[in-house]
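A.B. asks: The structure under discussion is supplied below as structure tokens; questions concerning it will follow.
The values are calculated or read from the model by the stated rules, or taken from the named source; none is laboratory data. In this text, all values refer to a predicted model and were calculated from it rather than measured experimentally. All Cβ positions, glycine included, derive from the backbone under ideal geometry; neighbour counts span all protein chains shown. Each accessible area value is taken on the protein alone, full model and side chains, heavy atoms only, with ligands, DNA and RNA left out. Shrake-Rupley method; radii C 1.70, N 1.55, O 1.52, S 1.80 Å.
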Amino acid sequence: QVQLVESGGGLVQAGGSLRLSCSASGIIFSINAMGWYRQAPGKQRELVATITSGGSTNYADSVKGRFTISRNNAKNTVYLQMSSLDFEDTAVYYCTTTWRGFNYWGQGTQVTVSS
């Protein structure tokens with residue numbers, strides 16, 4: 001049974017930082033690409049960042065230079081370090097992966113940036 005559990009969201013002032021974590025189980029984490037998406041109220045879910053099993057990363061233009069995705073294979077955990085947060089980053093952030101042809105999502109963690 002695949003499970004993805006996000007944590008680390010919360011309320012932060014504009015310009016601040018947060019680190020999200022996603023703990024994975026039920027997969028061979030070290031060989032799986034992982035990703036972070038987000039969904040703001042009234043908007044579609046959008047890609048934030050991805051990281052391959054080899055550590056190659058990809059970012060949405062809107063977060064480049066501000067967010068960093070990383071992984072710790074020993075802990076089966078992927079992280080999203082977010083800095084210089086602004087109001088537009090307010091959203092529910094989801095961790096995702098694909099395993100044996102199926103896409104899996106965590107329950108999401110709310111990030112709210114106050115002005």
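A.B. asks: Given a 1.4 angstrom probe, I'd like the percentage of the accessible area of the range 70-115 that is carbon and sulfur, rounded to a whole number. Before the final figure, lay out the partial values.
C.D. replies: On the way: 1190 of 2390 Å².
Of all accessible area on the range 70-115, carbon and sulfur atoms account for 50 percent.
A.B. asks: Using a probe radius of 1.4 Å on heavy atoms only, what accessible surface per residue do you get for the range 40-115? Whole Å² is fine.
C.D. replies: Values: 4200 Å² over 76 residues.
Per-residue accessible area for the range 40-115 comes out at 55 Å².
A.B. asks: How many percent of DSSP beta bridges within the chain run antiparallel, rounded to 5? Show your work: numbers first, answer last.
C.D. replies: Details: 38 of 42 bridges.
Antiparallel: roughly 90 percent of the beta bridges in the chain.
A.B. asks: So what is log10(I(q)/I(0)) for the chain at q = 0.10, 0.19, 0.22 1/Å, when the Debye sum runs over its Cα atoms only?
C.D. replies: Summing over Cα pairs of the chain leads to -0.26, -0.93, -1.23.
A.B. asks: So how far apart, in nm, are the two label points at Lys43 and Arg100 if each is 7 Å from Cα heading toward Cβ?
C.D. replies: Simple spin-label model gives 3.5 nm for this pair.
A.B. asks: How big is the dipole moment of the chain about its Cα centre under a simple scheme where the beta carbon of each Lys and Arg is +1, that of each Asp and Glu is -1, and everything else is neutral? Debye, nearest 20, please. Could the numbers behind the result be given before it?
C.D. replies: Details: 9 positive and 6 negative charges, 56 e Å.
The dipole of the chain has a size of about 260 debye.
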